[in-house]
1. With r defined as the distance between the Cβ atoms of B:R156 and B:R93 and R0 fixed at 41 Å, what FRET efficiency is calculated, to the nearest 0.05?
2. Could you please state, rounded to a whole Å, how far the C-alpha centre of the range A:78-147 is from the C-alpha centre of the range B:86-164?
3. Which residue, B:T144, B:T29, B:T212, tops the fluctuation ranking in a GNM of chain B built on C-alpha contacts under 10 Å?
4. Which residue, A:W189, B:W225, A:G31, has the largest displacement toward the positive end of the dipole of the protein assembly as shown when charges sit on each Cβ (Lys, Arg +1; Asp, Glu -1)?
5. Going through the cross-link list A:K240/B:K211; A:K211/B:K48; A:K211/B:K211, which pairs have a Cα-Cα distance over 26 Å in this structure?
6. In degrees from 0 to 90, rounded to the nearest 10, what is the angle of the helix A:103-129 Cα long axis to the longest principal axis of chain A?
7. Picking from A:L20, A:L143, A:L113, which is most flexible by a Gaussian network model of chain A using Cα springs under 10 Å?
8. For the range B:144-151, in order, what is each residue's ³J(HN,Hα) by Karplus, 6.51 cos²θ - 1.76 cosθ + 1.60 with θ = phi - 60°, in whole Hz (x at glycine and Pro)?
There are 2 protein chains.
Amino acid sequence: MRFTSEQRLDDGVLEREFTLGEIPGLLWTSGSAPAPLILIGHPGSLHKRLPRLVARARYYAAEHGFAVAAIDAPGHGDRPRSAEDEQTRSDLRRALQAGEPVDEIVDRLLLPLVEGAVPEWRTTLDALLALPEIGGPVGYEGLTAIGIRLALVEPRIAAAVFFGMGFVPGIVREEARQLTLPLQFLLQWDDAGMERQPVLDLFDAFGSQQKTLHANMGGHTGTPWFETEDAARFFGRHLK
Amino acid sequence: MRFTSEQRLDDGVLEREFTLGEIPGLLWTSGSAPAPLILIGHPGSLHKRLPRLVARARYYAAEHGFAVAAIDAPGHGDRPRSAEDEQTRSDLRRALQAGEPVDEIVDRLLLPLVEGAVPEWRTTLDALLALPEIGGPVGYEGLTAIGIRLALVEPRIAAAVFFGMGFVPGIVREEARQLTLPLQFLLQWDDAGMERQPVLDLFDAFGSQQKTLHANMGGHTGTPWFETEDAARFFGRHLK
């Protein structure tokens, strides 16, 4: 893990860019004592510098003392995009507009993403936990498809906040049944681009005894800020 | 309004019993400055001394400075029960056990309750707001059926937390569409005694732009304590 830049932000948080092999990442910390860690995954097709992601990360670090890390998934952000992904994304948009079934396209787009991103998160986790200012335990928040697989194979993930308004490949939906970690599941009730019932079915499928669904108004990207505060309390209950 | 007893509890909260005509009630306050008010309704067939209700009320008063009031609805708690209600309740239990439709029985049981309880809450509200230690604005939490009608006819109700796992008469379900106040709606996801879909449909029906659904595990009465803390923050955002 190589730090390539660092700056002290006006909220006192230290923001560092790093690379780990091909993986570009960001780390936010607010102190030097070993802190519990939150991994934040960006939404599909976007990147680790997304303003609403950075705002949550800085809040977790500044107000709650968490260490927070984000990386660009394969084909996202600072990393080369593949023509095949672009084509699949365009197929997905066209199918959604036409009201056609999208399961096969979602599998084709997101299964490789899950299979690429999860080992990278684990490698990143190894490197982060070797830093003296990061102590664990570890929480994940972000894209549900990646988060389910990561929580399934990575026992160091102790709690998760899933943004439930994303597509999830069929095989990963099935894996949700095997999860037992505490989780908070966010749904935007009036998201015009997503059917609601599959998201509710996914929440139902999780094997976790401690699972909470939070549904809000405001469209796909309109999750209210109070959910960030509540996610911090959720992570506080399970990681501190 | 006549206070019939008062005691200072170990959390510093002043608990007073009162009567207002035929209505018996409880009031919890933690100071003398005019405080925003939360009205707490008890679940159907139960009463204002329900331990989980009292725990929430004392928490709101002790930790967040709210004034909190609970009353026994007609036919509940310290008030005479009617043989007709008992019969209807027994009809409901039998129909639920037999898996028969219950809509007609729910209307027969709960519509008179709503029509009796709502004017009593309004009378109680008049009396409470005349006390120097209560300043408003006013929130309601409790039985959804009573809460919907109360919020519809009483403009002084500024925010509501509904326990969504109760029966709601058909006419009151329709009234939900007219509500515009901010609300938080609690659902127990694995409540064996309630169908989930009508509860989700009811959440969907509310006209409010600011509405949040919280679903948790733990059965009908197992709402986690962190939902009490979150309800206090919700009321804090809208009443303070």
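Values quoted throughout were computed directly from the atomic coordinates according to the rules given, and no laboratory measurement underlies them. Remember, it's a predicted structure, so these values are computed and weren't measured experimentally. FYI the Cβ positions are ideal-geometry reconstructions off the backbone, even for glycines, and counts take in every protein chain you see.
1. Values: r = 36 Å, r/R0 = 0.88.
Between B:R156 and B:R93 the formula returns 0.70.
2. 46 Å
3. B:T212
4. A:G31
5. Values: A:K240/B:K211 30 Å; A:K211/B:K48 30 Å; A:K211/B:K211 20 Å.
Pairs exceeding the cut-off: A:K240/B:K211; A:K211/B:K48.
6. Once rounded, the angle reads 10 degrees.
7. A:L20
8. Those phi angles translate into 5, 4, 5, x, 4, 5, 4, 5 Hz.
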